[in-house]
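The values are calculated or read from the model by the stated rules, or taken from the named source; none is laboratory data. Being a predicted model, the structure only gives us computed values, none of them experimental. Here the Cβ positions follow ideal geometry from the backbone for every residue, glycine too, while neighbour counts run over all protein chains shown. Only protein heavy atoms, including side chains, enter the accessible area calculation; ligands, DNA and RNA are left aside. Shrake-Rupley method; radii C 1.70, N 1.55, O 1.52, S 1.80 Å.
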Amino acid sequence: AAGGSGWDFEQESWLAGGRECDWEFVECLGGDVIEIKAAKKRWDGTLPSEIGLLSNLKILDLTENEMFGNIPKSFFKLTLLEHFRMSGNKFNGTISEQIGKLTNLENLEVYGNDFSGIPPFALSLLTNMATLDFGYNRLEGRILDYLTKMVHLERLILQGNEKLRGSIPNEFDALTNLERLSLHVNEFSGSIPPVLGKLTQLTTLDLRNNALSSSIPTDIGNLDRLWQLLLQENELTGTIPTEIGRMKKLDIIHLADNNLNGTIPTFIGQLSRLEQLILYDNALTGTIPTQLGNLPHLSEYGVLCFCLFVCSHNKALQETCCYRGMI
């Protein structure tokens, strides 16, 4: 059983219902345990199989402990579970097909563990999901096609697995509640589908460090709530679409290390909230628009990064940028 304060399923009082309802991290209703909120308790050990006896459990939060091992089969008996948070532990193994039994799940957060293997198709059954966070594990293969029926999804975080692949499906247009899409540091390929422009609740679009190709779709200009546009380290081509000028809430535009061409568009000078503009390692030509000098929040870091790398990697800009030193 897991160590730490009070985590002992072998005690008769826990299994029968009793003093555990007085513990600070446990909430009960009618003598039944319905919540365990045990984040940062420094618990270690494995998740005991007796967890399956808590049939009325709705919330299990084990975030940032030192727990490890596989998720026991009995866990998937918790069909009333709505929130399962276990980020920042050392759990491992594969994601079981049995996950499909937990159809009431709204939050599944397993960021920063050591899960591996191919995500199961059973994820497609979790249609009540609002947050799905598999970031920084070792998952591989396809997953995005399984998620298109999660119409309540607000946060999708798959970053840092390195070997997740496939293309972003057009069926993502159904995810109209999505606020954060973080897929970076994987092997996703194909184009950025124009249907992402329908996800108008997005505040973060983070697709960096993949193998995405083709041009940036003009529909992206519909994302008028977006704060961060992070598309660097892909294989994107074409010009920077003028429609980005409609995205007035943008704080960061990072398009470095692609194959973009054309000029730096003057419309960027209309983005008054912009703090970082990073465009190095592309094939941009022409001069730097003077309008960029009027942006009140463009951070010193952003300007220096822009000038230093644009000058050193785009010969056509060397005289203008390096002579001026700062925009």
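Listing for the model above:
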{"item": "Condition check for residue 123: closer than 13 Å to residue 159 by Cα and open to solvent by less than 10 Å² (accessible area, probe 1.4 Å)", "result": "no"}
{"item": "Residues (small (Gly, Ala, Ser) and assigned to a helix (DSSP H, G or I)) located in segment 94-115", "result": "100"}
{"item": "Residue count for segment 203-214, restricted to those that are crowded, with 17+ Cβ neighbours inside 10 Å and either hydroxyl-bearing (Ser, Thr, Tyr) or over 15 Å from the mean Cα position of the chain (by Cα) (or both)", "result": "2"}
{"item": "Any pair with Cβ under 6 angstrom, 6 or more apart, that starts in segment 90-107 at a residue that is at pLDDT 95 or above and ends at one that is hydroxyl-bearing (Ser, Thr, Tyr) and surrounded by 14 or more Cβ atoms within 10 Å (Cβ to Cβ)", "result": "107/131"}
{"item": "Strands (runs of 3 or more DSSP E) enclosed by segment 181-263 - at least 3 residues per element that are among the small types (Gly, Ala, Ser), within 29 Å of residue 296 (Cα to Cα) and touching a helix residue (DSSP H, G or I) at 6+ places or on another chain (Cβ under 7 Å)", "result": "none"}
{"item": "Criterion (open to solvent by less than 60 Å² (accessible area, probe 1.4 Å) and within 30 Å of residue 35 (Cα to Cα)) met by exactly one of 146, 136, 111", "result": "146"}
{"item": "Strands (runs of 3 or more DSSP E) enclosed by segment 22-75 - at least 2 residues per element that are modelled with pLDDT of 95 or more and within 22 Å of residue 131 (Cα to Cα)", "result": "32-37, 59-61"}
{"item": "Residue 104 being more than 23 Å from residue 201 (Cα to Cα) and not aliphatic (A, V, I, L, M)", "result": "yes"}
{"item": "Test: residue in segment 267-279 that is assigned to a helix (DSSP H, G or I), more than 23 Å from the chain's Cα centre (by Cα), among the aliphatic types (A, V, I, L, M) and surrounded by 16 or more Cβ atoms within 10 Å (Cβ to Cβ)", "result": "yes"}
{"item": "Residues within segment 35-56 that are in contact with a strand residue (DSSP E or B) (Cβ under 6 Å, 6 or more places away or on another chain) and farther than 21 Å from residue 90 by Cβ, tallied", "result": "3"}
{"item": "Those residues of segment 243-264 which are open to solvent by less than 20 Å² (accessible area, probe 1.4 Å) and closer than 21 Å to residue 213 by Cα, in sequence order", "result": "244, 253, 255, 256, 258, 260, 264"}
{"item": "Residues of segment 184-202 that turn out to be under 16 Å from residue 217 (Cβ atoms) and buried (at least 16 other Cβ atoms within 10 Å of the Cβ), as a count", "result": "9"}
{"item": "Matching residues in segment 76-93 - criterion: being of a type outside the set (Gly, Ala, Ser), open to solvent by 10 Å² or more (accessible area, probe 1.4 Å) and not in a loop (DSSP other than H, G, I, E, B)", "result": "76, 77, 83, 85, 90, 92"}
{"item": "Segment 19-32 residues that are closer than 21 Å to residue 65 by Cβ, paired with ones that are assigned to a helix (DSSP H, G or I) and of a type in the set (Ser, Thr, Tyr) (beta carbon under 7 Å, 6 or more apart)", "result": "20/13"}
{"item": "Leading residue by the ranking (surrounded by the most Cβ atoms within 10 Å (Cβ to Cβ)) among those in segment 155-183 that are under 14 Å from the mean Cα position of the chain (by Cα) and either at pLDDT below 95 or at positive phi (or both)", "result": "160"}
{"item": "Check on residue 47, crowded, with 16+ Cβ neighbours inside 10 Å and over 17 Å from residue 32 (Cα atoms)", "result": "yes"}
